[in-house]
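The values are calculated or read from the model by the stated rules, or taken from the named source; none is laboratory data. The model shown is predicted, which means the values in this text are computed figures rather than measured ones. Reconstructed Cβ throughout: ideal geometry from the backbone, glycine too, with neighbour counts over all protein chains shown. Keep in mind that these areas ignore ligands, DNA and RNA; they rest on the heavy atoms of the full protein, side chains included. Shrake-Rupley method; radii C 1.70, N 1.55, O 1.52, S 1.80 Å.
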Amino acid sequence: MKIYPFALTFTLLLLTVITPQNSYSQGRPQGSGSGDARPAIGTLKGRIVDAASNQPIEYGTIALLQMRDSAVAGGTISDPKGNFKVEQIQAGRYLVRVQFMGYETMIIKDVAFRPAEPEVNLGTIKLKPSASSLSGVEVTAEREMMVSNLDKKIINVDKSIASIGGSAVDVMQNIPSVSVDADGNVSLRGSDNITILVDGKPTGLAEISSGDLLQQIPASSIESVEIITNPSVRYDPEGTSGIINIVLKKRSLQGMNGMVSFTAGTGDRYNTSVNLNYRKDKFNVFAGYDNRLGRFNSTGVTERNTFNSEVSTLLLQNQTMVNKRNMHNLNSGIDYMLNDFNTLSFNFQMRRMSFGNEGDNRSYTFDQDFDTLRNFNRFSESERNIRSNNYTISYKRTFPVKGKELTADFIVNDNKMSGLQDIVQAEFNSGFNPSQPSLQQSSSNNTNMMYVAQANFATPFGNGSRIETGFKSTIKNLTMRNDLSDYNYDSIRWILNSSGINNFDYFEQIHAVYGIYSSTYKKLKYQAGLRAEQLISESEIIQANDKFDLSYLSLFPSVHVVYELTKTQQMSVSYSRRIRRPDNRQLNPYVDYSDSLNIRYGNPKLQPEFVNSYELGWSNFWGKNSVNATLFYRQTIGVINHITRLEAEGVTSTTYENLNNGKSYGVELIGNREFAKWMKSNLNVSFFRSEIDGSESLGIEGSESYEWMAKLNLNFPIRKDLNLSIAGNYNSPRVMAQGKMEEVYFADVAVRYDFMKNKASLSFRVSDVFDSRRFVGETWGEGFNIKTDRKRDSRVAYLGFSYRINNYNRQRERDRNNQNGDMEMEEF
């Protein structure tokens, strides 16, 4: 297969753009001149410091604006000592704008450069923190829990105590519009088809579920979570209900800083985290290590009724399982600032994960007279080991003109998974030898190599307009090797079971280009974009010599419009087209025999699912209070759904099929309210209706359901050093194509005490205080009905300690993506 030469394009792009022009001393941006012949004789100097501490401010932005039209005429950024210098300024009169995130913007009026007086020294400029509490020379800015940008919601969780000692799964339980199932897998507005990114990049861990991935990330390492329900074409269109981006903590203050934390929980749960950062002049080096060790128990009860014209049976199953996890994560990297406008970064992340499971499944089958037809126990012991290495080289170039930026990344993900499962099945009916139970052994060896090259360039021009373009090429190469063996007592050896062999290869290329135009007109901001993606994929079932090729070009438009009603209120409307491509687990026809009476396998003929998503929003902010309301409508074509059928000998099989169409629509409300200095609240309520058309060919009837969910977080700053948090969650019953789930509800409580001048913290949390979290569901189809009841260890007490080294909790660096910045045009 031909591979597009994206790596060559990427390399040539870097060689083209890494140039020493626009260095620190050259302040005037290219192309910003007005065309007159005024001489460039002026020089602007000065120094920026914090008004409270007199500490220098690095990376402060200084912009020269022409007096007559406020057009940008030049600019620069401050150095580590807060000094700045702009040269080659044309003679004339200007405004000088000085900015830095977390501080009030300062405008200096009527700065004139004349041939007789070409140099202007502004002296020391003192910026005031916009929202700060001062303690000595330390400045801390408390951020709101949620910030709404034009195409995403940013939930700041770095100071939240509602998920102390937990993982990203615990964090997700308190995120607006997000639900978490019994296995830790997340869904957004009722849909489980979402894209999960870490620091804006894919993980490449296709072998594990989203629940496994989120369990691997400690809550203490997460800075914020971005919820993007209607993404622009800047993002991949994969994930029909949206994107969840987990932003990890990273500090870059001068010198050494860091944080160490340790948490222990009941049931042998342990979590350790160490993050260190050292910055000196042009170099920033960071390294972090964290682990999650522990086990948890789960139980389940299944009741399946089968009925036809000849005989009816009842199957009762009782499952008990002990799950063990051993996760280690190492993240390290270096940033090198070549000059004031060019930065190169290298990042290496290593993950090692081990999942061990021991389970008993006791099964009883009765006839219609309740006589026992079969009685057996199936014991399984399995282990999965995952090794993941991620290498990222990034380049970023900024310009004196605000909003003009070039970024490029080359990413390599190298992932391997090996698994082994031993099964012992003992029959207790007459005629079976209890001393010779059935023995089976299965093994898996999977690999996943992923290569990503991408670049994005944004440039503003007159009247607040901006153009952004970019490309992205992704190549995935997956191999899956699975086998099953039965033990033969007569020959005293293992015999390979040909029906359990599965060798599956999947190769995929996705090449994309996009363009976005954005502008403003009075109180109106608007953006329109188009993304084109070419997919080329090949899959092969090696043992059957079956090959499946798929290639198609798709277009994905997006439109975002925002109108400012008042200074505190705005309306927004947006549209985007998205896609859900079947993953390798859904395509792989390998049969999972973990439960011999309920088997699962994939469908290599699955087609993609397309979604048209519309949103209408309103937001209002006053003081520290806010409310956001969103009406949404999502139309789905070719719905991918899991289908369960009753096979011969009382076995049910579950696979994936494309149904017809579906739609969901509803309203989402998010409110933040400070009732008093000692009580703050955040409430999220979502109410929506889901509809799925049936399929006569598959014997599936359509489904309709009203669903709602609510999340309430109460925060009580009892004292400056003592904080109490209470969180409650409720998910209503919901109906699916072949079943329904009952409601799920639970509450958490946590408290944190800060001491040693806020350098150390002691925390205590209890999850699921009332032990109410359980998952009860029902599945039906032609000739059968299944009821399930699952419960995991969810009431857990955590005790944690953290220590911050050298003011690690001070204001964080200016974010690479301006994620919490002002809602300007580039924030679309």
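A few points about this structure:
- Tally of residues being crowded, with 17+ Cβ neighbours inside 10 Å and among the small types (Gly, Ala, Ser) across region 348-373: 2
- Pair list, Cβ under 7 Å, 6 or more apart: region 789-807 residue closer than 12 Å to Arg269 by Cα, other residue surrounded by fewer than 19 Cβ atoms within 10 Å (Cβ to Cβ) and at pLDDT below 90: Asp793/Gly267; Asp793/Phe296; Val796/Gly267
- Of the candidates Met106, Met101, the single residue that is at pLDDT below 80 and open to solvent by 30 Å² or more (accessible area, probe 1.4 Å) is Met101.
- Any strands (runs of 3 or more DSSP E) falling wholly within region 682-773 and containing at least 2 residues that are at pLDDT 90 or above and surrounded by fewer than 18 Cβ atoms within 10 Å (Cβ to Cβ): 703-719, 722-731, 744-755, 760-767
- Residue list for region 407-462, filter: modelled with pLDDT under 90 and under 31 Å from the mean Cα position of the chain (by Cα): Pro460
- Unique residue being touching a residue at least 24 places away in the same chain (Cβ under 8 Å), closer than 21 Å to Arg325 by Cα and either open to solvent by 30 Å² or more (accessible area, probe 1.4 Å) or assigned to a loop (DSSP other than H, G, I, E, B) (or both) when the list is Ser418, Ser388: Ser418
- Scanning region 646-679 for residues that are under 13 Å from Glu782 (Cα atoms) and touching a Gly at 6+ places or on another chain (Cβ under 6 Å) returns a single hit, Leu646.
- Put simply, of Glu87, Glu117 the only residue that is free of Cβ contacts under 8 Å to residues at least 12 places away in the same chain and either touching an Asp or Glu at 6+ places or on another chain (Cβ under 7 Å) or open to solvent by 20 Å² or more (accessible area, probe 1.4 Å) (or both) is Glu117.
- Residues that are open to solvent by 40 Å² or more (accessible area, probe 1.4 Å) and farther than 30 Å from Ile467 by Cα, drawn from region 506-515: Phe507
- Residue that is farthest from Glu649 (Cα to Cα), among those in region 549-604 that are β-branched (Val, Ile, Thr) and in contact with a strand residue (DSSP E or B) (Cβ under 7 Å, 6 or more places away or on another chain): Thr568
- Looking across Ser572, Ser554, one residue alone is of a type in the set (Gly, Ala, Ser) and under 30 Å from Ser537 (Cβ atoms). It is Ser554.
- Only one of the listed residues (Tyr590, Tyr552) is among the aromatic types (Phe, Trp, Tyr) and at pLDDT 90 or above. That residue is Tyr552.
- Residue check, Asn433 polar (S, T, N, Q), farther than 22 Å from Gly356 by Cα, out of contact with any His (no Cβ under 9 Å at 6 or more places or on another chain) and open to solvent by less than 40 Å² (accessible area, probe 1.4 Å): no
- The test for being in a strand (DSSP E or B) and in contact with a Phe, Trp or Tyr (Cβ under 6 Å, 6 or more places away or on another chain) does not hold for Thr636.
- Consider region 602-618 and keep the residues that are under 24 Å from the mean Cα position of the chain (by Cα) and under 30 Å from Gly671 (Cβ atoms). The one that is surrounded by the fewest Cβ atoms within 10 Å (Cβ to Cβ) is Leu616.
- Hits in region 481-505 - residues which are assigned to a strand (DSSP E or B), open to solvent by 20 Å² or more (accessible area, probe 1.4 Å), touching a residue at least 12 places away in the same chain (Cβ under 8 Å) and among the aliphatic types (A, V, I, L, M): Leu496
- Output for region 535-575, where each listed residue is polar (S, T, N, Q), open to solvent by less than 50 Å² (accessible area, probe 1.4 Å) and over 30 Å from Pro460 (Cβ atoms): Ser537, Ser539
- When residues of region 150-172 are limited to those that are within 30 Å of Val559 (Cα to Cα) and part of a loop (DSSP other than H, G, I, E, B), the one modelled with the lowest pLDDT: Leu150
- Candidates Phe457, Phe428, Phe399, Phe410, filtered to the one that is aromatic (Phe, Trp, Tyr), touching a strand residue (DSSP E or B) at 6+ places or on another chain (Cβ under 6 Å) and open to solvent by less than 60 Å² (accessible area, probe 1.4 Å): Phe410
- Of the candidates Arg580, Arg585, Arg673, the single residue that is open to solvent by 50 Å² or more (accessible area, probe 1.4 Å), under 22 Å from the mean Cα position of the chain (by Cα) and of a type in the set (Lys, Arg) is Arg585.
- Residue in region 234-241 that is buried (at least 18 other Cβ atoms within 10 Å of the Cβ), part of a strand (DSSP E or B) and modelled with pLDDT of 85 or more present: yes
- Scan of region 359-385 for residues that are among the acidic types (Asp, Glu) and outside any strand (DSSP E or B), ordered by number: Asp369, Asp371
- For region 137-149, the condition of being assigned to a strand (DSSP E or B), open to solvent by 50 Å² or more (accessible area, probe 1.4 Å) and either out of contact with any Phe, Trp or Tyr (no Cβ under 8 Å at 6 or more places or on another chain) or at pLDDT 80 or above (or both) holds for none of the residues.
- Ser732 passes every criterion in (1) within 24 Å of Val157 (Cβ to Cβ); (2) of a type in the set (Gly, Ala, Ser); (3) within 26 Å of the chain's Cα centre (by Cα) apart from (1).
- The listed residue being buried (at least 16 other Cβ atoms within 10 Å of the Cβ), of a type outside the set (Gly, Ala, Ser) and touching a residue at least 24 places away in the same chain (Cβ under 8 Å), out of Leu659, Leu631: Leu659
- Among the residues making up region 59-74, a single one is at positive phi and either part of a strand (DSSP E or B) or crowded, with 20+ Cβ neighbours inside 10 Å (or both): Gly74.
- For region 511-545, the set of residues classified as of a type in the set (A, V, I, L, M), without any contact (Cβ under 8 Å) to a residue 60 or more places away in the chain and assigned to a strand (DSSP E or B) consists of Val513, Leu524, Ala528, Ala532, Leu535, listed by residue number.
- Of the criteria (1) part of a strand (DSSP E or B); (2) open to solvent by 20 Å² or more (accessible area, probe 1.4 Å); (3) farther than 23 Å from Glu540 by Cα, which one Ile599 fails: (3)
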